[in-house]
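**Q** Pasting in a structure now, in structure tokens, and then I'll have a few things to ask.
The values are calculated or read from the model by the stated rules, or taken from the named source; none is laboratory data. Quantities reported herein were computed from a predicted structural model and do not represent experimental measurements. So basically every Cβ, Gly included, is an ideal-geometry build from the backbone, and we count neighbours across all protein chains shown.
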């Protein structure tokens, strides 16, 4: 059963990001929103961890949040979504887990 994990907190402030990565199951996806978009800062440990995930873990980020944080060129593996794409994405997974 594939889960979409929604992260909204900076990966530099607490352990939610690391906990999420440890608990990923096969075919799970990650959507970065808000300050979680900072995980895609080039050369950062969080970016390296995300890009090292197996290909069966899809990576997404809200386009608006990337732009607001100056991350206009996310890695090719990351799919940037608008809000309607975010809603549609949630329907593709069996479960959605928000890391509040």
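**Q** Between residues in region 5-28 that are free of Cβ contacts under 8 Å to residues at least 40 places away in the same chain and residues that are assigned to a loop (DSSP other than H, G, I, E, B) and loosely packed, with under 14 Cβ neighbours inside 10 Å, which pairs lie under 7 Å by C-beta distance while being six or more apart or on different chains?
**A** Hits for this filter: 26/56; 27/56.
**Q** Residue 22 fails exactly one of the following numbered conditions: (1) farther than 19 Å from residue 2 by Cβ; (2) out of contact with any helix residue (DSSP H, G or I) (no Cβ under 8 Å at 6 or more places or on another chain); (3) not in a loop (DSSP other than H, G, I, E, B). What is the number of that condition?
**A** So residue 22 meets the others, but not (1).
**Q** Filter region 67-100 down to the residues that are in a loop (DSSP other than H, G, I, E, B), at negative phi and loosely packed, with under 15 Cβ neighbours inside 10 Å and list them by number.
**A** 72, 73, 75, 76, 77, 82, 94, 100
**Q** Which of the residues that make up region 1-17 are within 15 Å of residue 97 (Cβ to Cβ) and modelled with pLDDT of 95 or more?
**A** 2, 3, 4, 5, 6, 7, 8, 9, 16, 17, listed by residue number.
**Q** Now a separate question. Before we move on, is residue 37 without any contact (Cβ under 8 Å) to a residue 60 or more places away in the chain, surrounded by 13 or more Cβ atoms within 10 Å (Cβ to Cβ), touching a strand residue (DSSP E or B) at 6+ places or on another chain (Cβ under 9 Å) and part of a strand (DSSP E or B)?
**A** The answer is no for residue 37.
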